[in-house]
Amino acid sequence: MADDLQIVKGTKQEMYEALLPQIKALIEGEVDLVANLANIAAALKEQFKWLWVGFYLVKKEELVLAPFQGPVACTRIKKGRGVCGASWQQAQTIIVPDVAKFPGHIACSSLSVSEIVVPVIRNNKVIGVLDADSEKENWFDETDQQYLEEIVASIVF
Ligand code: SME
């Protein structure tokens, strides 16, 4: 894999449709988790230019910061805390149109206004989350949910 990522312009759906096979090709044949999470975060950041995108992994009953792209972030999040901890606890994707209205939101960056957190589930257990943050209000919707859930399902552990 030496080719640059092909970035497309278009609708959100068109961008994901172009990105998805590229992400699958990037992580195919590589078993190292950190390497794959790092490339997924980089590919999403390059295509969508979100403020922050990356992973937290469950370690000893806490979410611990894992590969990401964007400003420095909080390193540890407890179960049920913030959007990430809530997504972990509920084992569900959470879309937050305005973080100011989400009780307990953890502000890693003051620039973050909306957010989506997708749990990474293996054998009925949440083993981490994918988190994306935008400076713009109401930036994430069901289209992001559908494709991001597909992306995390393709990660091999
Ligand atoms: N806002 C998140 C914390 C992680 S950062 O946004 C990178 C939360 O409330 O869980």
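A few points about this structure:
- Residue selected from the range 115-138 under the condition touching a Ser or Thr at 6+ places or on another chain (Cβ under 6 Å) and not in a strand (DSSP E or B), by the criterion farthest from Ile94 (Cα to Cα): Glu137
- Matching residues, the range 28-57, being surrounded by fewer than 17 Cβ atoms within 10 Å (Cβ to Cβ), assigned to a helix (DSSP H, G or I) and not charged (D, E, K, R): Val34, Ala35
- Criterion (closer than 20 Å to Gln145 by Cβ, among the small types (Gly, Ala, Ser) and part of a loop (DSSP other than H, G, I, E, B)) met by exactly one of Ser112, Ser87: Ser112
- Counted residues, the range 63-84 - those being part of a strand (DSSP E or B) and in contact with a helix residue (DSSP H, G or I) (Cβ under 7 Å, 6 or more places away or on another chain): 7
- Qualifying positions in the range 5-31 - at pLDDT 95 or above and acidic (Asp, Glu): Glu14, Glu17
- Test: residue in the range 81-102 that is within 11 Å of the ligand (Cβ to nearest atom), exposed (fewer than 14 other Cβ atoms within 10 Å of the Cβ) and free of Cβ contacts under 8 Å to residues at least 60 places away in the same chain: no
- Flag for Ile116 being under 17 Å from Lys136 (Cα atoms), surrounded by 13 or more Cβ atoms within 10 Å (Cβ to Cβ) and away from the ligand (no atom under 12 Å from the Cβ): no
The values are calculated or read from the model by the stated rules, or taken from the named source; none is laboratory data. Just so it is clear, the structure is predicted and the values come from calculations on it, not from any experiment. Glycine gets a Cβ as well: all are built from the backbone with ideal geometry, and neighbour counts include every protein chain shown.
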